[in-house]
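The values are calculated or read from the model by the stated rules, or taken from the named source; none is laboratory data. As the structure is a computational prediction, the values presented were derived from the model and not from experiment. Neighbour counts are summed over all protein chains in view; Cβ atoms, including those assigned to glycine, are modelled from backbone coordinates with ideal geometry. SASA here: full protein model, heavy atoms, side chains in, ligands and nucleic acids out. Shrake-Rupley method; radii C 1.70, N 1.55, O 1.52, S 1.80 Å.
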Amino acid sequence: MDTQQIDVVTFLKHQHEEIKALFAEVEAAHGDAREEAFRQLVHLLAVHETAEEELVHPYARKVVTDGSTVVDQRLEEENEAKQALSDLEEMGTDNPDFLKHLDALRTDVIAHAEAEERFEFPQLSTEGDPDRLRQMTAGVKAAQKTAPTHPHPGVESAKKNMLLGAPAALMDRARDAIRKIMHH
């Protein structure tokens, strides 16, 4: 896929497919492999949601019919997903309830992605400026390059170490990367 010329809607749809695949990977894996797959999922979700909040939703408010209502609904879903992601991360992949909570998050995230692809993305594609939509892809890619958080020294529990504060920290770093590239 040549991401140089790809518009942000197409790029985010590809990310939706990656996210779905990662959910399946986390569920199928065990032990350290599950932990690693979950870390990748947290990273991709954090970057993806931040990019949508920083780039896509503000633009959609302007160009999509009834944009504020559409965007407010998506933001509400994203906030719920972020909270669920943080809860899962605190719980740890070896918690007996992890898969049950992961499945609930997956259901919500997929419903959210489908709502975007139905109510927001098509209008962005038809009403949005093609150059602007391509430029937004650069912002998403910059955010994606932000490294996952690494373990903090001095934290005793390996599980707590895994992603200490990761979703929030990743979102902050992704936001910084997007703002840096989009304001040049």
Query - Mean Cβ neighbour count within 10 Å, used as a protection proxy, ranking 21-34, 132-145 highest first - result: 132-145, 21-34
Requested in this report: Take the cross-link list Lys100/Lys141; Lys62/Lys180; Lys100/Lys145; Lys82/Lys141; Lys82/Lys145 and give me the ones stretching past 27 Å between alpha-carbons.
Outcome: Lys100/Lys141; Lys100/Lys145
Query raised in the report: Averaged per residue, what accessible area in Å² does the chain show with a 1.4 Å probe, protein chains only?
Result: 51
Query raised in the report: What does the charge dipole of the chain about its Cα centre add up to, to the nearest 20 debye, if the Cβ of each Lys and Arg holds +1 and the Cβ of each Asp and Glu holds -1?
Result: 620
Requested in this report: Take peptides 174-180, 114-120 and line them up by average Cβ neighbours within 10 Å, highest first, as a rough protection proxy.
Outcome: 174-180, 114-120
Report task. Give the carbon-plus-sulfur fraction of the accessible surface of the range 34-99 in %, rounded to a whole number; probe 1.4 Å, heavy atoms of protein chains only. Result -> 43
Query raised in the report: Which entry in (1) 22, 20, 18; (2) 29, 18, 14; (3) 27, 21, 15 is this structure's computed semi-axes √(5λ) of the Cα gyration tensor in Å?
Result: (2)
Report task. Find out how many positive minus negative residues lie around Met136, taking Lys and Arg as positive, Asp and Glu as negative, among other residues whose Cβ is under 11 Å from that of Met136. Result -> -2
Query raised in the report: Using unit Cβ charges (K, R positive; D, E negative) and no other charged atoms, how large, in debye to the nearest 20, is the dipole of the range 51-133 about its Cα centre?
Result: 240
Query raised in the report: For the chain, what is the calculated [θ] at 222 nm in deg cm²/dmol (nearest 500), taking -39500 (n - 2.57) for each run of four or more DSSP H residues and dividing by its residue count?
Result: -24500 deg cm²/dmol
Requested in this report: At 0.36 nm per residue, minus the direct Cα-Cα distance, what do Glu127 and Asp108 gain on full extension? Give it in nm, one decimal, please.
Outcome: 4.1 nm
Report task. Sticking with the crude label model, points 7 Å out along Cα→Cβ, report the distance from Leu99 to Gln40 in nm, one decimal please. Result -> 2.0
Query - Label-point separation, Met182 to Glu90 (7 Å along Cα→Cβ), nm - result: 2.9
Query raised in the report: Counting Lys and Arg as +1 and Asp and Glu as -1, what is the net charge of the other residues whose Cβ lies under 9 Å from the Cβ of Glu49?
Result: -2
Query - Projected label distance in nm at Gln5 and Ala21, using a 7 Å step from Cα toward the beta-carbon - result: 2.3
